[in-house]
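Below: the structure, in structure tokens.
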There are 2 protein chains.
Amino acid sequence: MVDKQSPIPIYAQIEEQLKNQISEGKFPPGAAIPSERELTETFGVSRMTVRQSITNLVNEGLLYREKGRGTFVAAPKVEQPLSGMTSFTEDMLSRGMAPSNQLVKFEKRQPDKGIAEQLQIMESDEVYFVERIRYADNIPMAIERTYLPVKLFPELREEALKESLYKYVEQTAQLKIAGAVQRMEASLAKKEEAELLHVEAPFAVLVIERVSRLDNQVPFEVVRSTYRADRYKFTSEIQR
Amino acid sequence: MVDKQSPIPIYAQIEEQLKNQISEGKFPPGAAIPSERELTETFGVSRMTVRQSITNLVNEGLLYREKGRGTFVAAPKVEQPLSGMTSFTEDMLSRGMAPSNQLVKFEKRQPDKGIAEQLQIMESDEVYFVERIRYADNIPMAIERTYLPVKLFPELREEALKESLYKYVEQTAQLKIAGAVQRMEASLAKKEEAELLHVEAPFAVLVIERVSRLDNQVPFEVVRSTYRADRYKFTSEIQR
DNA sequence: CAGTGGTCTAGACCACTAC
DNA sequence: TAGTGGTCTAGACCACTGT
């Protein structure tokens, strides 16, 4: 059942098999899966290993535990939004649309007080300022202004902005993105924003400000985006 | 250092002490905490127990691990939004404002197709429909329409709606809230919405639709809220 | 009562990092 | 080479659930 020589950890193999059995309908929603001690015997591993698999699946929302009763299969989720924090590029691709960019500005500058504070840097430290119009299927979707500390990305080139910035951070700069704090509000488009987005006033826009952190909790970007309300709904999964 | 007789699990006691030492500055951001084997000796417990504590703190974003190097203190977060999924009542309280309600409608009715689908019930199953104007410090903040399956809350009374609904679900109905899928968009207030919110058109509003689930992933509410854009920003923490 | 998940022990080997 | 986190074992006692 499990390959103890495999480079894939045993707990990951067990997760995989449980997932398969659930999606095959062997354990329908609401049904109990075998107890941890039973799984211990089936897979020939120790209980802590089985528990690690189950804990991961519980965290994913696929299973839930009840003390003294057992572990059960959760109901399937109605919809599956992109689980967490995504870049515009990733977001549009997952919606089946073709993302593209128009770079309006790319420069180094001194941050103002607010940006410096959010990035936890000095006002004398430089930041990249990137202004882009974001398109989906060639229709303007959002205006996006990004601030990045130059110190963190000394090698950043204009070409990297044509692809996903997060791809650059993770693959080229080899940094781990942990999460972000996001503020969202509705607003009316300003005159120049309405022009850039090809809409006529009064027009509602969704304004999102995101401060993103690496795994050591150091902020690496501030993004301020202004989305056309008619073309963009923001969907997210939240935990209690 | 730890009380093995205490009803509080040892791993929770260790978490507590590590948190304290970090906030006291004993381990500044970026510094390594003692290795797992050292902590094993300091606390006189086994390594798996220490690991459980550290894993929890890593999930909270307080620490991060690097293979072969050690475990380090993360930078403090700039701001601390309410971590996840909150009710209007909880949300306003955390912002230091006084929430209140005006109940416009409370009735049982047949759900339309969309609501029935989102709640995963039959169209013939009844739902409660609750319409409320939400106030913060006595200023209208949002219009909120909630749909709840009668089956799940056969005992629901009007009084429960004066307090937090989530409090009712968790404390009175004894159910566990796991999470929700949330869709947010900007829009212009409709005429009657503008009146209810005491604003004049054209006025931007933030529309939030939330489908909330219990720990067994069964949906228990659909909430559609319309917030005054000038008085409400939605803040959330997201994970990559 | 027997069975369940929650917690805990005292070891072990591995891959990786730093010196 | 020594130290680190990642994985794993084979047990154990507990509180809680259902009969």
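The values are calculated or read from the model by the stated rules, or taken from the named source; none is laboratory data. Computed from a predicted structure; not experimentally measured. Reconstructed Cβ throughout: ideal geometry from the backbone, glycine too, with neighbour counts over all protein chains shown.
Only residues in region A:79-103 that are in the same structural domain as A:Tyr128 (by TED's automatic domain parsing) and assigned to a loop (DSSP other than H, G, I, E, B) count as the first member; pair them with residues that are of a type in the set (A, V, I, L, M, F, W, C) and at pLDDT below 85, Cβ under 8 angstrom, at least 6 apart or cross-chain, and list the lot.
If the second residue must be of a type in the set (A, V, I, L, M, F, W, C) and at pLDDT below 85, the pairs left are A:Gly84/B:Ile238; A:Met85/B:Ile238.
Quickly run through region A:146-203 and pick out the residues that are hydroxyl-bearing (Ser, Thr, Tyr) and at pLDDT below 85.
Going residue by residue through region A:146-203, those that are hydroxyl-bearing (Ser, Thr, Tyr) are A:146-147, A:164, A:166, A:168, A:172, A:187.
Passing the criteria: A:Ser164, A:Thr172.
Applying the selection to region A:175-216, what residues are touching a Gly at 6+ places or on another chain (Cβ under 8 Å) and part of a loop (DSSP other than H, G, I, E, B)? Reasoning before the result, please.
Of region A:175-216, the ones touching a Gly at 6+ places or on another chain (Cβ under 8 Å) are A:178-179, A:212-213, A:216.
A:Asn216 - this is the single residue of region A:175-216 that is touching a Gly at 6+ places or on another chain (Cβ under 8 Å) and part of a loop (DSSP other than H, G, I, E, B).
Condition first: of a type in the set (Ser, Thr, Tyr) and without any contact (Cβ under 8 Å) to a residue 40 or more places away in the chain. Now tell me which residues in region B:122-147 satisfy that. Talk me through it step by step, then tell me what you get.
So the first thing to find is which residues in region B:122-147 are of a type in the set (Ser, Thr, Tyr), and the list is B:124, B:128, B:135, B:146-147.
Across region B:122-147, the qualifying residues are B:Ser124, B:Tyr128, B:Tyr135.
Kindly check whether there is at least one residue in region A:49-68 that is of a type in the set (Ser, Thr, Tyr), under 24 Å from B:Arg240 (Cβ atoms) and surrounded by fewer than 14 Cβ atoms within 10 Å (Cβ to Cβ).
Restricting attention to region A:49-68, the residues satisfying the condition of being of a type in the set (Ser, Thr, Tyr) are A:49, A:53, A:55, A:64.
Adding the requirement that they be under 24 Å from B:Arg240 (Cβ atoms) leaves A:53, A:55.
Now restrict to residues that are surrounded by fewer than 14 Cβ atoms within 10 Å (Cβ to Cβ): none.
Checked region A:49-68: no residue is of a type in the set (Ser, Thr, Tyr), under 24 Å from B:Arg240 (Cβ atoms) and surrounded by fewer than 14 Cβ atoms within 10 Å (Cβ to Cβ).
Determine whether region B:217-232 contains at least one residue that is crowded, with 18+ Cβ neighbours inside 10 Å, over 15 Å from the mean Cα position of the chain (by Cα), among the acidic types (Asp, Glu) and within 11 Å of chain A (Cβ to nearest Cβ).
No: zero hits.
Every residue, every condition in (1) more than 12 Å from DNA strand D (Cβ to nearest atom); (2) within 12 Å of another protein chain (Cβ to nearest Cβ), yes or no:
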| site | (1), (2) |
| --- | --- |
| B:Val2 | yes, no |
| B:Ala12 | yes, no |
| B:Glu16 | yes, no |
| B:Lys26 | yes, no |
| B:Pro34 | no, no |
| B:Glu38 | no, no |
| B:Gly70 | no, no |
| B:Ala74 | yes, yes |
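Just one of (1) in contact with a helix residue (DSSP H, G or I) (Cβ under 9 Å, 6 or more places away or on another chain); (2) within 14 Å of chain A (Cβ to nearest Cβ); (3) more than 10 Å from DNA strand D (Cβ to nearest atom) trips up B:Gly61, so point out which.
Answer for B:Gly61: the failing condition is (1).
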